Amino acid sequence: MQARDTTASWGWVSRLIHWLMAGLILFQLGFGLYMTQWVPDLLQRFTLTQVHKSWGFVVFVLALARVGWRLVNRRRPALPSTMGRWQVRAAEASHRLLYLFLFLIPLSGWLLASASPVQDLLQMQNMVFETFALPDPFVPGSEAVESVFRTIHAGAAVALAAILALHAAAAFRHQFVDRDGLLAGMLWRT
């Protein structure tokens, strides 16, 4: 399998980035929900939040890599000719929203953590896998700013989950109802 995309198929780089991000995003959505809704112990939640922030950084870096790859690799397989105009437009719009949320969610998460007054009080840093610290643009922190970014982060996560559900449903429809091979084009066996 070639690395670059062609008009006939996705290359292995695009497929790898797609499936890595799919797995990480599903993990992050579930993990974020778990730690905020079902972990009452604040110390345990703090530890889980550090893990969540680190994987959020990885998602952000992969999103940058994905955009960079798309910029240098302009070819892509054509959509099935059986797709109606509204389906093509819906696919384009959903992909734009996916890209938006792939950046908005990690950035808003970083900003909400950076704006936390508790972070300043306890002299904590936004560490990535306990290796390096992310910059802190809000010193001192602000509860009002933290609240705004928390709302953005949570709302964007819910919206992303809905778009992902539609994305998966459309892929399954193409595979099992329309039988046009669209999903198969992103799998490793083709």
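On alpha carbon coordinates alone, what is the Rg over Rh value for the range 23-145, Rh being the Kirkwood radius? Result: Rg/Rh = 1.09. How large is the Kirkwood hydrodynamic radius of the range 83-177, in angstrom, based on all distinct alpha carbon pairs? When all Cα pairs of the range 83-177 are included, the Kirkwood radius is 15.4 Å.
Would you calculate the convex hull of the Cα atoms in the range 126-180 and tell me its volume per residue in Å³? List each step's numbers first, then the result.
On the way: hull volume 6.8 nm³, N = 55.
Taking only Cα atoms, the range 126-180 has a hull volume of 123 Å³ per residue.
For the chain, which whole-number percentage of the solvent-accessible area (1.4 Å probe, protein heavy atoms only) is attributable to carbon and sulfur atoms?
Details: 7990 of 11620 Å².
Carbon-and-sulfur percentage of accessible area, whole number: 69.
What number comes out for accessible area per residue over the chain if the probe is 1.4 Å? Units Å², please.
Details: 11620 Å² over 190 residues.
Solvent-accessible surface per residue comes out at 61 Å².
Taking the Cα centre of the range 50-183 as origin and assigning +1 to Lys and Arg Cβ atoms and -1 to Asp and Glu Cβ atoms, the resulting dipole is close to 900 debye.
Its residues counted as N, the range 94-139 yields a C-alpha radius of gyration over 2.2 N^0.38 Å of 1.37.
Per the helix-only calculation at 222 nm, which mean residue ellipticity applies to the chain, given -39500 (n - 2.57) for every DSSP H run of n ≥ 4 and division by its residues, nearest 500 deg cm²/dmol?
-23000 deg cm²/dmol
Largest mean-square fluctuation among Thr131, Thr36, Thr151, in a Gaussian network model of the chain whose springs join Cα atoms under 10 Å apart, belongs to Thr131.
The values are calculated or read from the model by the stated rules, or taken from the named source; none is laboratory data. In this text, all values refer to a predicted model and were calculated from it rather than measured experimentally. With ideal geometry, Cβ positions are generated from the backbone for all residues, glycine too; neighbour counts draw on all protein chains shown. These area figures cover heavy atoms from the full protein model, side chains too; ligands, DNA and RNA do not enter into them. Shrake-Rupley method; radii C 1.70, N 1.55, O 1.52, S 1.80 Å.
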